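The block underneath contains the structure these notes are about, expressed in structure tokens.
Every number in this text was worked out from the coordinates using simple rules, so none of it is lab data. Here the structure is a predicted model, which means the values were calculated and not measured. So basically every Cβ, Gly included, is an ideal-geometry build from the backbone, and we count neighbours across all protein chains shown.
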Amino acid sequence: MLRVMVCIMIVLLSFAGGYLYSWRFTGRLLIINDVKEKFNSMEREIMFSMDTLPEICRDLSKEEGPFSKVFTRICEGLAGEGDSFAELWSEGVKKEFSRSSLKKDQVEGLALLGKGLGKGDIEEQKKCFARINTELERLLSEAREESSRLKKMYMSLFVSGGLAVSIILI
Amino acid sequence: MEKEDSFEMIFRRFPEEYRHCIDILTDEEKEKLEEVRVKAEGYLVFAGGFGEKASDIKVSQRGLTLIVEKLLDHSVYAHMEELCSGYITVEGGHRIGICGRAVMDNGSIKHIKEFSSINIRKGREVIGCSRSIQRFLLDEKDDFLNTLVISPPKCGKTTLLRDIVRTLSEKGKRVSVVDERSELCAVYKGVPQYDVGRRTDVLDGCKKSKGMSLMIRSMSPELICTDEIGSEEDVAVIKEAVSSGVGVLTSIHGMSLEELRTSKIGQLIEEKVFERYLFLSAAPKIGTVTEVLDKYGRRIDA
């Protein structure tokens, strides 16, 4: 009876382990989706209200989501000794997400998104956002594909491992 | 914020390596400071009542670009109209002229890039400079008399207009200002940076002809003020204002009434639209009122 209970625990733990390990793929999707939404808001504010970047960053820093902290850092940088929006963006992304579930190349890709923002007229901002949206779509598509492929694989691996251990014990 | 403090605040927005260049000036020199010129691959030059002084730090091309971007709140797109006019107005009413490579589109300036130099001019107002001529501007019933301020450039027309507006507004008149080039009121984020009075409404950055009609219809002013008339459109809209019962206070470049009679606004003089002509000179100092004439051209300030 005790053995059966231990086996059930092992299977449950391996299931939990698989779920937690594969959560990183969900986490990546959440982060990239959040930055996509925030850039959509930024684009709307720039195109229709002509709000300045400091004002937009201040508003976005108050919203929910993993990227809000990046905008808080940017606000502090723009008000203080920070030099350019692109540098502050890159620094902010690397500080917040270098230890997150994002892969290194994904962090690098996101860090480069701030380049060109605020530097030209509206036409140049439109081109910037077109480039940003293309890059974000690529990152999202990669993350979705990875998620659908690897999540199930890791769940199966962990659960199979747990079952195998249980069988051996029994 | 005091004008002096707001002028020094501009330098706090510079990149770190240039932020303290202004410290080469003594406190007395800072008070006399009138403008600062910054050139790409050049030095910051401070000019004013003390002469000129240059910093010992060279400003690189990238450095100047960063300075301009910071002055534009890292948002060049939000300041395109001002940028294409060649200047921006910042808090405190200070004006920053910006030079670079103009990108043209159908004969108009679409953008200025590759900034090459900037000129930061300290805004100044002279409260009370119209005190000596206030008695000529209202009739016995306290109604405003249409007034034209005349002088060559750089004699203080705008400063005088501003003080007249402030005084009349404080006396209870509803004043509308159409500030086409943001020189009279220096509006920054919706707030005039000069004291133009509690009852003054400002339409900033709008062409005089369109702005004056709009203000007459929307703000029911007792008098309307604008700077530097000279075109036929200006003549038409001034006549519209006068026929609506709104007083007109404005200025023009010129030396004499005879010269103006043959100009584009000659019709306004012939029809005696203006009841007061104020002539300014820079001698012995800027803002000196040399004579006041009535609508017939007779001197009344003796």
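Using just its DSSP H runs of length 4 or more, each adding -39500 (n - 2.57), the protein assembly as shown gives a mean residue ellipticity at 222 nm of -14500 deg cm²/dmol after division by all residues. Given chain B reduced to its alpha-carbon atoms as identical point scatterers, what log10 I(q)/I(0) does the Debye formula return at q = 0.11, 0.12, 0.15, 0.16 Å⁻¹? Debye intensities relative to I(0), on a log10 scale: -0.73, -0.85, -1.18, -1.28.
Within the listed set B:Arg217, B:Arg276, B:Arg198, the Gaussian network model of chain B (springs between alpha-carbon atoms below 10 Å) gives the highest mean-square fluctuation for B:Arg217.
The mean count of C-beta atoms from other chains within 10 Å of the C-beta of residues in B:105-114, rounded to a whole number, is 1. Rounded to two decimals, the Cα radius of gyration of the protein assembly as shown over 2.2 N^0.38 Å is 1.39. For a straight C-alpha distance cut-off of 22 angstrom, the lysines reachable from A:Lys62 (same-chain residues fewer than eight places away being disregarded) are A:Lys36, A:Lys38, A:Lys94, A:Lys95. Amide H contacts of B:Val149 (H built 1.01 Å from N, in plane; Pro and chain starts excluded): B:Thr250, B:Ser251, B:Ile252, B:Leu278 sit under 5 Å, all sequence-distant by 5 or more or on other chains.
At q = 0.23 Å⁻¹, what log₁₀ I(q)/I(0) does the stretch A:65-170 have when each alpha carbon counts as one equal point scatterer in the Debye sum? The Cα Debye sum returns log10 ratios of -1.26. Partner shielding of B:65-76 amounts to 5, given as the average count of beta-carbon atoms from other chains within 10 Å of each residue beta-carbon.
Applying both filters, DSSP loop and at most 16 other Cβ atoms within 10 Å, to the trypsin sites (Lys or Arg not before Pro) of the stretch B:7-81 gives B:Arg13, B:Arg19. Longest stretch of chain B clear of exposed loop sites (GluC sites (Glu not before Pro), DSSP loop, at most 12 other Cβ atoms within 10 Å, sites excluded): B:141-270.
Count Lys and Arg as plus one, Asp and Glu as minus one, and take only other residues whose Cβ is under 12 Å from that of A:Tyr154; the net charge is then +3.
Over 29 Å between Cα atoms: which of B:Lys30/B:Lys210; B:Lys32/B:Lys58; B:Lys122/B:Lys189 fall into that group? Pairs exceeding 29 Å: B:Lys30/B:Lys210.
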